[in-house]
Amino acid sequence: MFYKYNIALSNKTIYTIGETVLSFASETKNELARIIPEKKCCMLAQIMGFIRVNGSIILVGFGKFNIVVKTENPAVARNFKTLIKEYFDVDTKLIVEENAGIRKTNLYSITIDENKSKQILREIGVLMVKEGNDYITDGLYFDVMKKKCCKKSCVRGLLMGSGTVIDPAKQYRFEIISKTEQKANDIKRLLNTFYDIDAKVSYRNDSYVVYVTGAQSVSDLLALTGANNAMFELENVRITKDLHNKVNRINNCDQANINKSLDASARYIDAIKKIDSIIGIHLLPEKLREVAELRINNPDVSLTELGKLLKAPIQKAGVAKRLKKIVDIADNL
């Protein structure tokens, strides 16, 4: 008699992301799926990361069980099958199913039979022994990630298993979904072992989300997992955004300066008109009168240009000083 028993190994992304985001995330996973670690220790770490967030245990009777993982990405499925074959020398069974969702995609189900499942679970730290009895553990098994290269491979497995990278055109964000808090905290701990990565955990839709934000941090994570094309695409978007923001800042600054100049010009002209209406600008000292007349006749020119129009040209600061004196006179009338 066969029956199914799901252990808390599996965590699926249970929210819908826009088409563009899925496209970027899928492209990232496709790129990662082309990477087969050269070292055996890195292979095991990647297998452990993938199974921990995307695996189920299926009991088949008589104390035996299978490991089953499912993914919508065929490249990821091929990567996992290859790693299991390379490291454990075991063939897996692949079944292609139609995904029961709005998006009509295929679901690739990979099964490891009972002859190797227990060995695999023991080696990746899922199945442990205490007081002579087997028990299922939660969280990551850090004993298989003592080297930095193994930690990178584990992050790669986690990302392919239940992670996503948001389209950088919309947001700089890297996420891995976990069904349990212990596992989420271990993933956070793993990510934070890398320099300048500040991973955090939030609770959303009955799952724990380990996330990293910020262009530099997400770029670093993509680079360390080997997703160089995705990293370059993010950097291109980042450069474009920075350039766009710089242009906007310059335009805003220029507009502010123009507005400031127009306000100042209007203030000077109002002062000159006030003086002329009360006492007449002809009564102003010669230097002030000359500036006043030029300002009235040339309301749009800058102070620098105004200074050049004087009989005895002066610098911008000198013109501003004379106009301030005119304003002071008008205020005292």
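Here are the numbers:
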{"item": "In the range 167-190, the residues that are within 26 Å of K241 (Cα to Cα), buried (at least 18 other Cβ atoms within 10 Å of the Cβ) and out of contact with any helix residue (DSSP H, G or I) (no Cβ under 8 Å at 6 or more places or on another chain)", "result": "E175"}
{"item": "In the range 121-148, residue least open to solvent (accessible area, probe 1.4 Å) [restricted to those that are within 20 Å of M43 (Cα to Cα) and of a type in the set (D, E, K, R)]", "result": "E123"}
{"item": "Some residue of the range 96-107 being in contact with a strand residue (DSSP E or B) (Cβ under 9 Å, 6 or more places away or on another chain), touching a residue at least 12 places away in the same chain (Cβ under 8 Å) and basic (K, R)", "result": "no"}
{"item": "Selection count, the range 303-331, where residues are closer than 14 Å to S265 by Cβ, open to solvent by 50 Å² or more (accessible area, probe 1.4 Å) and touching a residue at least 12 places away in the same chain (Cβ under 8 Å)", "result": "2"}
{"item": "Test: residue in the range 89-106 that is closer than 27 Å to A227 by Cα, in a helix (DSSP H, G or I) and under 27 Å from the mean Cα position of the chain (by Cα)", "result": "no"}
{"item": "Criterion: within 26 Å of I47 (Cβ to Cβ), touching a residue at least 60 places away in the same chain (Cβ under 8 Å) and in contact with a Pro (Cβ under 6 Å, 6 or more places away or on another chain) - qualifying residue of S153, S178, S162", "result": "S153"}
{"item": "Filter pass, E72 being closer than 30 Å to D220 by Cβ, among the acidic types (D, E) and open to solvent by 40 Å² or more (accessible area, probe 1.4 Å)", "result": "yes"}
{"item": "Residue selected from the range 221-258 under the condition charged (D, E, K, R) and more than 17 Å from A169 (Cα to Cα), by the criterion least open to solvent (accessible area, probe 1.4 Å)", "result": "D254"}
{"item": "Residues that are in a loop (DSSP other than H, G, I, E, B) and not charged (D, E, K, R), drawn from the range 184-232", "result": "N192, T193, F194, Y195, I197, A199, N205, G214, G226, A227"}
{"item": "Of the criteria (1) surrounded by fewer than 18 Cβ atoms within 10 Å (Cβ to Cβ); (2) basic (K, R); (3) modelled with pLDDT of 95 or more; (4) within 29 Å of Y108 (Cα to Cα), which one K152 fails", "result": "(1)"}
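The values are calculated or read from the model by the stated rules, or taken from the named source; none is laboratory data. All figures in this text were calculated on a predicted structure; none of them were measured in a lab. Cβ atoms come from the backbone with ideal geometry, glycine included; neighbour counts cover every protein chain shown. In case anyone asks, the SASA skips ligands and DNA or RNA and just uses the protein heavy atoms, side chains included. Shrake-Rupley method; radii C 1.70, N 1.55, O 1.52, S 1.80 Å.
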